[in-house]
Amino acid sequence: MFQKILIANRGEIALRVLRAAKELGIKTVVVHSTADADAMHVRLADESVCIGPPPSRDSYLNIHQIVAACEITGADAVHPGYGFLSENAKFADILAAHNITFIGPSGDHIRVMGDKIEAKRTAKRLGIPVVPGSEGAVSDEGEAKRIAAEIGYPVIIKASAGGGGRGMKVARTEQDLIRALQTASSEAGAAFGNSEVYIEKFLEKPRHIEIQVFGDGAGKGIHLGERDCSLQRRHQKVWEEANSPALNEEQRTRIGETCARAIADLGYSGAGTIEFLYEDGEFYFIEMNTRLQVEHPVTEAITGIDLVHEQIRVASGGGLSVRQDEVRFLGHAIECRINAEDPRTFTPSPGTITHFHTPGGLGIRVDSGVYSGYRIPPYYDSLIGKLIVHGRNRVECMMRLRRALDEFVVDGIKTTLPLFRDLVGNADIANGDYDIHWLEKHLAETV
Ligand code: ADP
């Protein structure tokens with residue numbers, strides 16, 4: 001087992017990883033920018049190293065400084081959290097070259113899944129259902145027209161190097177297609193330095209359903225069920241739940257087993273999430289994230305398994321602590337992402353939190369790095385906490401969520417709490433009747 005883990009992240013996820021390490025009796029080192037000297041993860045860690053000024057590229061993305069911090073403190077492993085360097089294959093390779101364990105998959109697996117065309121090709125080879133579309137990159141108009149006609153309109157043009165919902169264009173006719181191809185390709189070139197694009201069938205009303213998987217790196221793979229993350233705004237997840245209100249037991253088992261087998265065949269190591277769009281009973285692979293997800297606590301709630309413990313165990317060569325036939329799914333869980341944002345316009349609302357009171361009681365978990373008197377720096381993303389509620393079934397979970405939201409107090413800044421108080425009282429949400437467009441439509445109607 002590791003002696004000392006360096007956490008290359010900030011905010012709630014740095015604290016989340018720190019807690020897991022403490023439980024396992026492992027010493028913790030955190031790195032931080034000058035803007036985060038007062039952060040909770042810095043206060044609670046055994047050691048901290050300031051690695052640079054506020055901009056992420058000079059601190060949390062500065063590989064050289066992070067490796068130096070490992071060497072100074074003698075950390076033997078790095079947990080990257082999510083975002084920042086968590087899906088940076090070069091970072092994983094550099095750590096390996098320094099004999100420091102990256103708590104995550106190999107650089108090669110990160111690289112394959114980081115390229116969307118390569119990822120889709122790999123998924124298909126592993127027997128995972130994919131969205132019908134071009135086999136690889138599409139360069140000329142003739143080929144694009146032929147493929148679009150074959151799969152049928154509407155189609156979506158996506159950037160091979162895409163991310164964060166950028167570089168995508170929908171085309172409903174052949175005329176649209178040529179324009180979409182040109183704009184998507186030039187946008188992708190400008191945003192990602194790679195103008196390669198591909199074509200997919202555009203699904204009109206899908207849900208976003210993702211499968212949590214784990215590999216031990218030695219040919220074993222398991223799945224921990226799904227999360228339904230269909231409630232999104234601008235491709236950003238807002239509310240996530242498990243189980244999905246749309247799936248039955250048989251569908252859950254079937255897609256879960258397909259993913260677990262794929263992970264085993266791939267020889268994958270650590271936590272991963274295989275993301276699908278789901279429509280009319282069919283799953284369509286969109287991408288795989290090779291890291292811990294923001295919404296991992298809903299899976300923890302229904303399985304009772306600490307995913308960060310598992311990540312650390314697997315990375316240290318200790319294997320998975322559970323077999324597939326030992327995994328049980330108990331009850332229902334919902335996570336609300338609480339952002340420091342205006343709940344109507346979603347503009348960031350940094351500033352000082354004058355009062356912070358979190359709900360408690362059975363089935364309530366709050367993962368947050370903030371506290372009363374904490375000043376939110378304006379440099380990073382606006383997530384200030386996650387409320388995760390667990391109940392024996394979805395109805396109980398929703399009742400508990402409503403109560404928890406009533407208790408939650410964040411003063412001094414604007415937050416998205418009012419949005420969740422609105423959602424928890426909505427009939428469509430109560431019925432689990434929503435797709436990936438539901439939230440934006442709802443927001444447009446309620447302004
Ligand atoms: P990114 O990596 O940029 O987030 P994804 O491939 O994960 O890109 O897609 C992001 C979102 O775009 C999806 O959650 C979905 O809302 C939409 N999308 C992607 N592909 C399709 C498709 N074939 N049909 C309909 N919507 C899609």
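Below is a table of values for the structure above.
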{"read-out": "Residue match in region 240-251 (condition: among the small types (Gly, Ala, Ser), outside any strand (DSSP E or B) and either over 29 Å from Val314 (Cα atoms) or not assigned by the TED database to the domain that holds Trp438 (or both))", "value": "yes"}
{"read-out": "Residue in region 200-214 that is away from the ligand (no atom under 11 Å from the Cβ), among the basic types (Lys, Arg) and surrounded by fewer than 19 Cβ atoms within 10 Å (Cβ to Cβ) present", "value": "no"}
{"read-out": "Selected residue (criterion: surrounded by the most Cβ atoms within 10 Å (Cβ to Cβ)) from residues of region 215-230 that are more than 16 Å from Thr290 (Cα to Cα) and hydrophobic (A, V, I, L, M, F, W, C)", "value": "Cys229"}
{"read-out": "Region 103-151: number of residues that are surrounded by fewer than 13 Cβ atoms within 10 Å (Cβ to Cβ) and either touching a residue at least 24 places away in the same chain (Cβ under 8 Å) or touching a strand residue (DSSP E or B) at 6+ places or on another chain (Cβ under 9 Å) (or both)", "value": "3"}
{"read-out": "Residue match in region 49-62 (condition: closer than 24 Å to Glu310 by Cβ, among the aliphatic types (A, V, I, L, M) and not in a strand (DSSP E or B))", "value": "no"}
{"read-out": "Residues located in region 164-199, provided they are within 14 Å of Gly133 (Cβ to Cβ) and more than 15 Å from the ligand (Cβ to nearest atom)", "value": "Leu181"}
{"read-out": "Enumerated helices (runs of 4 or more DSSP H) restricted to region 97-216, each holding at least 3 residues that are more than 29 Å from Ile63 (Cα to Cα)", "value": "116-125, 141-151, 174-192"}
{"read-out": "Selection count, region 222-239, where residues are in a loop (DSSP other than H, G, I, E, B) and under 17 Å from Phe283 (Cα atoms)", "value": "0"}
{"read-out": "Any strands (runs of 3 or more DSSP E) falling wholly within region 264-368 and containing at least 3 residues that are under 24 Å from Thr28 (Cβ atoms), away from the ligand (no atom under 16 Å from the Cβ) and touching a residue at least 40 places away in the same chain (Cβ under 8 Å)", "value": "269-279, 364-368"}
{"read-out": "Test for Ala161: is it out of contact with any strand residue (DSSP E or B) (no Cβ under 7 Å at 6 or more places or on another chain), within 12 Å of the ligand (Cβ to nearest atom) and on the phi < 0 side of the Ramachandran plot", "value": "yes"}
{"read-out": "Counted residues, region 387-422 - those being within 23 Å of the chain's Cα centre (by Cα) and of a type in the set (S, T, N, Q)", "value": "2"}
{"read-out": "Looking only at region 291-316, and only at residues there that are out of contact with any helix residue (DSSP H, G or I) (no Cβ under 9 Å at 6 or more places or on another chain) and among the β-branched types (Val, Ile, Thr), the one that is surrounded by the most Cβ atoms within 10 Å (Cβ to Cβ)", "value": "Val298"}
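Yes/no matrix, rows are residues, columns are (1) under 28 Å from Glu279 (Cα atoms); (2) under 27 Å from the mean Cα position of the chain (by Cα):
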site: Ala69; (1), (2): no, yes
site: Asp76; (1), (2): no, yes
site: Phe84; (1), (2): no, yes
site: Ile103; (1), (2): no, yes
site: Gly114; (1), (2): yes, yes
site: Ser139; (1), (2): no, no
site: Lys158; (1), (2): yes, yes
site: Thr173; (1), (2): yes, no
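The values are calculated or read from the model by the stated rules, or taken from the named source; none is laboratory data. What you are looking at is a predicted structure, and each value in this text was computed from that prediction instead of being measured. All Cβ positions, glycine included, derive from the backbone under ideal geometry; neighbour counts span all protein chains shown.
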